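Laboratory data are not the source of any read-out in this text; all were calculated from the coordinates shown. Computed from a prediction, not measured in an experiment: that's the story for all the values here. Methodologically, a virtual Cβ is constructed for each residue, glycine included, from the backbone with ideal geometry; neighbour enumeration extends over all protein chains shown.
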């Protein structure tokens, strides 16, 4: 039998090892999973809009995530982060619909989305400063008996076992991003790049199905960038989907199977990296002039 | 002298309980409770009213704990969208509302006359002569129990989730934490401890009136937490003792500086307390002790501090 720690980078096995029954969606029979997945996109938005008074930050976005790693690029102010905020439940859409694995999720709060396996990171790293690096990861562990007042007093043995298993899982995740040696350091003391890696490792603790990364490579040194790319590729190979907002187009080119370009709150175009970067409208959106 | 020491230690015990309560609400969960005195009053009046109606002291204390916890949960639910300054103002307003109710609902609370001759639990068994000492011992035992329970909470994933909510509630939510539920639970747990302290207050003094549940109670609790170290229960106890020593010790100023009038001594006392607190904030802003942190080298499940 595989231990929880050993299944760390295999989300399906990890969820099974965790005894995860959180998914409220119908669970397809073995063998039918891939067929079902091919029909239902991981994430889908329909006519999604977000208005702040007179400003329409997101203006009718139709987006379908059907590739393992999708990039979302566009100039500053295009509405990328607002879109990500809506999808992750941090903000409510003014109009439109969001579906995650076929289920409408527009009304769900962020903690319910996280429980469904939809996790995000932030443009400016938001590590939990007063917690250590290890505690940041342990926090993200779902379904902990020790998080209920009843559980922590009535089931001390279970709390201890779960904590021990969580530490092993966190150790594997931190070793993967080369942060285990800093496990006891306050998260606020990490460098900018380390914080980005911490956020990714923390997201992985939730055994996600889709991770929304908001500028994961911003401020990351080249050596750490390699770790970041390897980690994302490894997770994608294990079945985790990614939607990545990134201004570093080399990262997008290296990672993404599919790229969507946003400008002025709308999807301007989409396709492979080569296709979208050859599109004159994309160059115009970035540079503000026709090539 | 012995009687004075016992009385002071009993006051310190009540201050420790209030500080422990504030430490989970504010120190751990980041919810500023400027209305602590109001909740304290609810606990004291619940115990006193029930005891006056013939309910035994233990049941009255349990009821005070439950009622104060329920009020705390209710207030935190009503203020679920408020943070920091706004929550502080709202809890302050709640405390003032409680004080006005205590002053004006004479049929229930005795109004400004308060409630006199509150029956003490087990006074017939222990006897009047040793009752104060026995009461102090009971207070210390209850502190030990409350401390143990709160340390268990702080070192468990529940405490970790509270600190995450305190640091950044949006991140906590995106990591699957039900922020509202955590806040309500933290406020209710703190409220339960305040209710216990309120009941002990009523039984110790055997007389309560609305003036005893004014802002200074809240201020002393905040001073205890700040001096002890926000989030640290161990530090809080040291902080509460330090604050009470400062408060009580400065009473003897009139013996040290006999040339000053009583009014001048009272003013000087407040100045010294203020200077002490400012010095603490400048030279040791983190307080006497740091809050709990799990270490990767600490065996999983080990009790804190082991």
(message) Given the DSSP H assignment, sum -39500 (n - 2.57) over each helix run of at least 4 residues in the protein assembly as shown and divide by its residue total; what's the result at 222 nm in deg cm²/dmol, nearest 500?
(response) -17500 deg cm²/dmol
(request) Give the distance, in whole Å, between the Cα centre of region A:209-238 and the Cα centre of region B:24-66. (result) 51
(message) Output needed for region A:151-291: three equivalent-ellipsoid semi-axes, defined as square roots of 5 times the C-alpha gyration tensor eigenvalues, in descending order, whole Å.
(response) 37, 16, 13
(request) Return the percentage of antiparallel bridges among DSSP beta bridges fully within the protein assembly as shown, rounded to the nearest 5 %. (result) 60
(request) State, as an integer percentage, the relative contact order of chain B based on alpha-carbon contacts under 8 Å between residues 6 or more apart. (result) 32
(request) Over all alpha-carbon pairs of chain B, lay out the pair-distance distribution in 20 Å bins, whole %, shortest bin first. (result) 32, 58, 10, 0
(message) Report the Cα centroid-to-centroid distance between region B:156-198 and region B:70-106 in angstrom, as an integer.
(response) 18
(message) When a/c reaches 1.5 or more, the comparison of a/b and b/c decides; with that in mind, is the protein assembly as shown rounded, prolate or oblate per its Cα gyration tensor?
(response) prolate
(message) Tell me whether region B:54-156 comes out rounded, prolate or oblate; compute the Cα gyration tensor, take square roots of the eigenvalues as a ≥ b ≥ c, and use a/c under 1.5 as the rounded threshold.
(response) oblate
(request) Just check region A:160-211 against the gyration tensor rule for me: Cα atoms, a ≥ b ≥ c as the square roots of the eigenvalues, rounded for a/c under 1.5, and otherwise prolate or oblate depending on whether a/b exceeds b/c. (result) oblate
(request) Report relative contact order for chain A in percent, whole number only (criteria: Cα-Cα under 8 Å, sequence separation at least 6). (result) 25
(request) Just report the Cα centroid separation between region B:260-274 and region A:150-190, whole Å. (result) 51
(message) Along the Cα→Cβ direction, 7 angstrom out, place labels at residue A:184 and residue A:92. What is the inter-label distance in nm?
(response) 4.6
(request) Report, to two decimal places, the Cα Rg of region A:131-189 normalised by 2.2 N^0.38 Å (N = number of residues). (result) 1.19
(message) 7 Å from Cα along Cα→Cβ at both residue B:206 and residue A:230: what's the point-to-point distance in nm?
(response) 7.6
(request) Can you tell me how much longer the chain between residue A:66 and residue A:254 gets when fully stretched, taken as 0.36 nm per residue apart minus their C-alpha distance, in nm with one decimal? (result) 65.9 nm
(request) Evaluate E = 1/(1 + (r/R0)^6) for residue B:4 and residue A:123, where r is the Cβ-Cβ distance and R0 equals 51 Å; express this FRET efficiency to the nearest 0.05. (result) 0.25
